[in-house]
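K.L.:
So that we are looking at the same thing, I have put the structure below in structure tokens.
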Amino acid sequence: MRIEEIIKSTVSIDDAKKVVLNIMYTQNVIAEKFNDVLKPYDLSGEQYNVLRILRGQKGNPANMCVIQERMIAKNSNTTRLIDKLLLKDLVTREVCPENRRKIEVLITQKGLDLLTELDPKVLENERLFANNLTQEELLQLNTLLEKYRNLN
């Protein structure tokens, strides 16, 4: 369905505005489906992102700055996210012995097990959207989105 039909626009929309509306609307559709996957696990997308970042550390701790710079949503409150993950026993948080101002965060085995359980469900969700496109179209879409996002 075209974006004009979705938002029930009765006026002509120029192409630049149409792209922005399409991206924003598509992001919401993707987020809703992704949240449906995470909801039974009482996880938000941002919490899931933190767990994925920590798993990527391969057993090494990450400080708050590292987590923040790797987040997809750069405006996330990392401290609040870590606090919520701590309450669920999915991460641990400790003061760095060499620098007491630095907080180190590690994913727990429970967090790793949760990600292992979620991996096939997340992959299935990603494929749900990707199935509408050929491999060539997926590559082209990624190239175009990266080009569109870079404002140089």
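The values are calculated or read from the model by the stated rules, or taken from the named source; none is laboratory data. None of the values given here were measured: they were computed from a predicted structure. As a convention, Cβ positions derive from the backbone with ideal geometry for all residues, glycine included, and neighbour counts pool all protein chains shown. With ligands, DNA and RNA removed, areas are computed over all heavy atoms of the protein, side chains included. Shrake-Rupley method; radii C 1.70, N 1.55, O 1.52, S 1.80 Å.
K.L.:
Collect the residues in the stretch 39-80 that are under 15 Å from E104 (Cα atoms), modelled with pLDDT of 95 or more and crowded, with 17+ Cβ neighbours inside 10 Å, keeping them in residue-number order.
P.N.:
Once the filter is applied, which keeps residues that are under 15 Å from E104 (Cα atoms), modelled with pLDDT of 95 or more and crowded, with 17+ Cβ neighbours inside 10 Å, the stretch 39-80 yields V50, L51, I53, L54.
K.L.:
Taking the condition of being under 14 Å from R93 (Cβ atoms), part of a loop (DSSP other than H, G, I, E, B) and not polar (S, T, N, Q), how many residues in the stretch 50-68 meet it?
P.N.:
Qualifying residue count for the region: 1.
K.L.:
Of everything in the stretch 84-120, what is assigned to a helix (DSSP H, G or I), of a type in the set (D, E) and open to solvent by 60 Å² or more (accessible area, probe 1.4 Å)? Give them in sequence order.
P.N.:
Correct list: D113, E117.
K.L.:
Here is a further query. Filter the stretch 1-38 down to the residues that are surrounded by 12 or more Cβ atoms within 10 Å (Cβ to Cβ), over 22 Å from L145 (Cα atoms) and at pLDDT 95 or above and list them by number.
P.N.:
Matches in the stretch 1-38: N35, V37, L38.
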